[in-house]
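Comments concern the structure below.
The values are calculated or read from the model by the stated rules, or taken from the named source; none is laboratory data. All values reported here derive from a predicted model rather than from experimental measurement. Every residue, glycine among them, receives a Cβ derived from its backbone with ideal geometry; neighbour counts consider all protein chains shown.
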């Protein structure tokens, strides 16, 4: 079994993963978490909706929080395309493929196209947003992680090769993938990118589609601790799920938080640059990873945010990664005698 | 129940916790760990013994490793006194109290006094060591954590109030202590210091006396990651036991490693300064700590290094701290449905 | 007066500034500087030529050093194009414009096209290099700045608007530019990019074309100090020219070194991400910059590396930026009386 | 010529340099500088006086600012003694020596003894201050440098050996001193300490006594940049005088600011630990220092704060250190031709 091949001449040009919208039970609590701990700044708020951005972002928003009385969930994943003309090409392409795209009007962003990917994940594409002042040099405003910019999103789906093929057809390249050596090289995780770092969208094998996490880049490792220390001081300690640690593939340092509605948000240090013509997908398995990180706790492996109104498929799919609970249990206690 | 009171006019003047000697099964492997991951430098080596120091230390050694064919253990905990005259005063004081002190000759250190504390922990005191070049400005030599200097030692003992009274009689002050609110304020942990930071020697309630860990200060949080990343790259990932995290009392950031013989060594960022006349012991309990660190794994709570030839007492004493295993098990998994 | 307009449909697709070749008087000394202080790793060496790369780079080389008996100079600036087909399109485009491009064979890189820009700077384009192992997770190998990757190059030229028009015609976008408010908005500096950060190539107004500096990204601010401290310990203190400081436009922290042949190399922290459709050029002048950096010393403003065999034009062009010497002289000394 | 010898049995026990009081022209502006840029917190304010402390300090204040209509100056340098009994011993000792000590009542601190040192610098000693909450774990309150604690003070005096003898008689030890190799080993600078790091009080050779600077410790090098970046964002850029750089003796990283009244304040990273019996004074001269820092600008060498009402002596004393202005002028400009 294998990973899908990137289409070198996609029908339209996607620039990057750029934004996400979530529903939340208590907007005020969520705003406290995202502004104080993650360090996002508010671009606009009102009527039960808040738009936030990273301190470096000139884009109007990368995170939209919508108050809900229902079950908190993820509404939609946003991507930027190069130009408005790409939106029209995208409409034509998706229509041709039977994906039933739809243009919608949304506040604080340019013309926007809605469509679902091949496994049902709700996407949106736009070319522009109103320009905001970049605030990365307003150091006196920085709080918590002082998150710089939205980086990527990770989803769970029962068949990651199939789910990823939708994206490679749109020109996404694969940076890394995990295989199960015991199961005919079945890919268990696929990392794909358009901008020049290893990830805009990632799929891991589990029932889905569901949102596993979205991620913001921070300036350096001291901001991971700053986020954690602020969380500790302000009563958000229980929101830490995993880390600080370094990703097994030698990449960025990270922390995973669960927000007040259990949506998972990662903060990570600046990723490596990639994307030259000769950069081919890196194949990982248990045997060629060397990291000091502990295995993920079960919650990280299995818990996720539903997409609003999207049914979960493939309930049999299992995580084939070690979990922290089993790892700890496997070590016999050696009491001094 | 309560903590012991510091003697304001001790019989002799102790400067600080300063060194430790351990026996190890394979000196070469231990040297690789301590020089590459912890970043100590070798002051002298030969005949199955190695003396190491932190990169900032002018003292000849703070860690002595001795190859053994027996069970690896801790030989002795070292403290510095102000002057040679203090050694004579110490001899008189310990003799008077019936502790049977003994002067010994040891390579690479001045006149040295051996004695055991009231619970049987083997101690040694000296006033001087041969001066070595401080290497903290030889940045091209730095490896791993580039540990700067020895900071403190932590022991386990069944009755920490009793064990600590030996040290408060010698002028140690208490910076912090933990109590069990449900058990008549029984102290579960006592932090004591002579130099001007919160800890030279710490006792926690468990069977003992045994060595829980010894600790080196590193320059800043980036050296915690540097130690971990080097451990990952050189095959020492499995030696990580706990962290990186911040101590619950708002103090330093830390990582705990187990060395190749399972001796536990902590690296921590520079502690706060204390010791003014008005600094009174801080009383902690579960209700007034706010940190983002996870509970310690059982291995951290229960595993320890024996002191060579010293019997373990109080086997009924139990850790009253939450452990990571129970903490993880207490959180029900919420699978998306 | 104004800055040139980006061609939205360039004849071929340039990916990024990617490499540079310099001639040096003593290859061994230069290698010591670039490996110990800047932290580059050697990909290949022999016959008076060394190829080096940043620790994160999978590209074979980003810096080529060639021993010379003549005057040390810069041979050529390298750029990556998206694919080999882009090289053919580039050949056609440059031929059509009368720039006389030439395909050449070079070791350790794919098919390569040589051409000079409109002011005479010698360029080369290629699509691929042999893949090397990325070493950013081999922390035990890191030295000095542990430079991650080549980022950009800065040139001096008498008329920056004219010099930049060559690049905007090739699809380079302008991130920032400086104007002289007193001289009819004459642009004094223009920052252009293809990859998604603010700079691949920069022009400042002075006699030229000459190479002002090339730049590598480091992981975070601690690596600036690590480079400086290593320089101090190994006898390269005199190579520091400017910094550490933060660029006036709120961007990265930096240090400028002069290498053993006085070629200037910058190390800087990870730049911001940019390039969305709505990102328009930022216009800077003395009035809207707020930074704590001191003015540059005269050497930084006026000294530069010649391009081998390229004549310098516009000797009357002057730097209209304050220099450190005048800044210091402008502050009257206030002795306590 | 030589440095004075430490009295091993001083008449009373000084703990550390602990506080300072300054007069300022505009208390509001000074408070903005010290709280936003240096990151001190206000313990008490009112009636034209503000008391501030570092975020880690349990002491009530380490900096007192007093609004004045006269010339801003330094009122007094504070030291902590071990206990109130030491104050009585100090009174007896200073009376015996004819220094005319005086007990005074001051708000927010225990019984306080005023005296001048042998060159006229106004000192005060106290044993206690009201305990304040340490705020180093209230990360959400941190601003600018988030200065942790007061560390040392540096004075100028025409004869540093003579000035230092007052302090070595009180038990201060010498960590480092500079000599002029060409002038019979005349000491040009003497660093003295009581607490266990290299400096509580430092004297440099120049007319005096005047206050050169006082210093606060910050957590790590990122807080130097944070202070500078905040200064840049809030309009305090012009207050930077020197740095960031590393002290020539391989010690801490530092930045020197001039406050709104031109009082000089240093922030520095945590110093090394010292004070074991064998730690002898380090002798420095131009030949055995290796650092990458640039020479100090003339303002740093010659400008200082007067002590209120204290006459300046020895106006002929000159700084024998290179200055930045001469250093820059000594380098001929090499324009590319």
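In region D:45-80, the residue that is nearest to the other protein chains (Cβ to nearest Cβ) out of those that are touching a helix residue (DSSP H, G or I) at 6+ places or on another chain (Cβ under 8 Å) and closer than 24 Å to residue D:270 by Cβ is D:55. If the condition is being under 22 Å from residue B:220 (Cα atoms), touching a residue at least 60 places away in the same chain (Cβ under 8 Å) and within 14 Å of chain C (Cβ to nearest Cβ), then region A:211-230 contributes A:217, A:218, A:219, A:223, A:224, A:226.
Of the residues making up region B:105-121, those that are in a strand (DSSP E or B) and more than 14 Å from every other protein chain (Cβ to nearest Cβ) number 4.
Condition first: within 14 Å of chain A (Cβ to nearest Cβ) and not in a loop (DSSP other than H, G, I, E, B). Can you find one or more residues in region C:197-210 that meet it? For region C:197-210, residues within 14 Å of chain A (Cβ to nearest Cβ) and not in a loop (DSSP other than H, G, I, E, B): absent. For region B:238-283, the candidate set comprises residues that are touching a helix residue (DSSP H, G or I) at 6+ places or on another chain (Cβ under 7 Å) and facing another protein chain (nearest Cβ under 9 Å); within that set, the residue that is surrounded by the most Cβ atoms within 10 Å (Cβ to Cβ) is B:244. Say whether the condition of being closer than 30 Å to residue B:196 by Cβ, at the interface with another protein chain (Cβ under 9 Å from one of its Cβ atoms) and either surrounded by fewer than 19 Cβ atoms within 10 Å (Cβ to Cβ) or touching a strand residue (DSSP E or B) at 6+ places or on another chain (Cβ under 7 Å) (or both) is met by at least one residue in region D:326-334. Scanning region D:326-334 turns up no residue that is closer than 30 Å to residue B:196 by Cβ, at the interface with another protein chain (Cβ under 9 Å from one of its Cβ atoms) and either surrounded by fewer than 19 Cβ atoms within 10 Å (Cβ to Cβ) or touching a strand residue (DSSP E or B) at 6+ places or on another chain (Cβ under 7 Å) (or both). Put simply, of D:233, D:317 the only residue that is crowded, with 16+ Cβ neighbours inside 10 Å, modelled with pLDDT under 95, away from chain B (no Cβ under 14 Å) and within 29 Å of residue D:142 (Cβ to Cβ) is D:233. Checked against the criterion of being farther than 16 Å from residue D:166 by Cα and away from chain B (no Cβ under 14 Å), the candidates D:102, D:124 yield just one match: D:102. Screening the candidates B:14, B:38 for the property of being at pLDDT 95 or above and within 14 Å of chain D (Cβ to nearest Cβ) yields one hit, B:14. Restricted to region D:284-314, and to residues there that are part of a loop (DSSP other than H, G, I, E, B) and in contact with a helix residue (DSSP H, G or I) (Cβ under 6 Å, 6 or more places away or on another chain), the residue that is farthest from the other protein chains (Cβ to nearest Cβ) is D:295. Pairing residues of region C:250-261 that are without any contact (Cβ under 8 Å) to a residue 40 or more places away in the chain with residues that are assigned to a loop (DSSP other than H, G, I, E, B), at Cβ distances under 6 Å and at least 6 apart in sequence or on separate chains, gives C:252/C:269; C:252/C:271; C:253/C:269.
Restricting to region D:92-102, and then to whatever is under 24 Å from the mean Cα position of the chain (by Cα) and outside any loop (DSSP other than H, G, I, E, B), can you tell me which residue is surrounded by the most Cβ atoms within 10 Å (Cβ to Cβ)?
So the residue we want is D:94.
Residues in region A:31-71 that are touching a residue at least 60 places away in the same chain (Cβ under 8 Å), surrounded by 18 or more Cβ atoms within 10 Å (Cβ to Cβ) and assigned to a strand (DSSP E or B): A:41, A:43, A:53, A:63.
Of D:151, D:176, all but one fail to be within 12 Å of chain B (Cβ to nearest Cβ), surrounded by fewer than 22 Cβ atoms within 10 Å (Cβ to Cβ) and either in contact with a helix residue (DSSP H, G or I) (Cβ under 8 Å, 6 or more places away or on another chain) or part of a strand (DSSP E or B) (or both); the exception is D:176. When each of B:156, B:188 is tested for being within 17 Å of residue B:123 (Cβ to Cβ), away from chain D (no Cβ under 14 Å) and assigned to a strand (DSSP E or B), the lone residue that passes is B:156.
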